[in-house]
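The block underneath contains the structure these notes are about, expressed in structure tokens.
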Amino acid sequence: MITRYGPRVSVTCSAALTGDDAVGTGRVLDVSLPGCRLEYPRGLRVGDYVQLRLFLPDRANPMTVQLAAVRWVMGTLVGLEFIRSTRQDQRRLADFVHSRMPAPDLSPT
């Protein structure tokens, strides 16, 4: 079982992906700190490394991930771990994830 760094939040946005054996676009289904689940039909393998440009719905400018590792593959679904990105993009991702997390239930039980 893989331990998660943080909570996942659902999102639907596009991503441009480049790597040694991959060039194309995919659809991001959720993001977490630090990674995402991507639908990508062209067949990546566990251990591949890619660059990503994520077109998050919060801004017009894409978020750049200079280095991401493929951690799991199930059919056309791919789990990516973000390894290298700028501090600005890391902060943007953190802000984006936190803004989409559900508010805690503070009602008395």
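The values are calculated or read from the model by the stated rules, or taken from the named source; none is laboratory data. All values reported here derive from a predicted model rather than from experimental measurement. Virtual Cβ from ideal backbone geometry, glycine too; neighbours counted across all protein chains shown.
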Output the number of residues of the stretch 28-52 satisfying the condition of being of a type outside the set (Val, Ile, Thr) and more than 10 Å from the chain's Cα centre (by Cα).
-> 11
In the stretch 7-34, what residues are touching a helix residue (DSSP H, G or I) at 6+ places or on another chain (Cβ under 9 Å) and free of Cβ contacts under 8 Å to residues at least 40 places away in the same chain?
-> Arg8
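Looking only at the stretch 32-47, count every residue that is in contact with a strand residue (DSSP E or B) (Cβ under 6 Å, 6 or more places away or on another chain), among the charged types (D, E, K, R) and surrounded by fewer than 18 Cβ atoms within 10 Å (Cβ to Cβ) and tell me the total.
Just the residues of the stretch 32-47 that are in contact with a strand residue (DSSP E or B) (Cβ under 6 Å, 6 or more places away or on another chain), to begin with: 34-40, 42, 44, 46.
Of the ones still in play, those that are also among the charged types (D, E, K, R) are 37, 39, 42.
Checking the rest, the ones that are also surrounded by fewer than 18 Cβ atoms within 10 Å (Cβ to Cβ) come to 39, 42.
Here the count works out to 2.
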Hey, does the stretch 5-28 have a residue that's of a type in the set (Phe, Trp, Tyr) and either surrounded by 15 or more Cβ atoms within 10 Å (Cβ to Cβ) or modelled with pLDDT of 90 or more (or both)?
-> no
Among the residues listed as Arg59, Arg71, the single one being at negative phi and touching a strand residue (DSSP E or B) at 6+ places or on another chain (Cβ under 6 Å) | Arg71
Looking only at the stretch 37-59, decide whether some residue is among the charged types (D, E, K, R) and touching a Cys at 6+ places or on another chain (Cβ under 8 Å).
-> no
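Every residue in the stretch 45-75 that is small (Gly, Ala, Ser) and part of a strand (DSSP E or B), please.
If the condition is that a residue be small (Gly, Ala, Ser) and part of a strand (DSSP E or B), then Ala68, Ala69 are the ones that fit.
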If you take the residues of the stretch 85-101 that are exposed (fewer than 13 other Cβ atoms within 10 Å of the Cβ) and not in a helix (DSSP H, G or I), which of them is modelled with the lowest pLDDT?
-> Met101
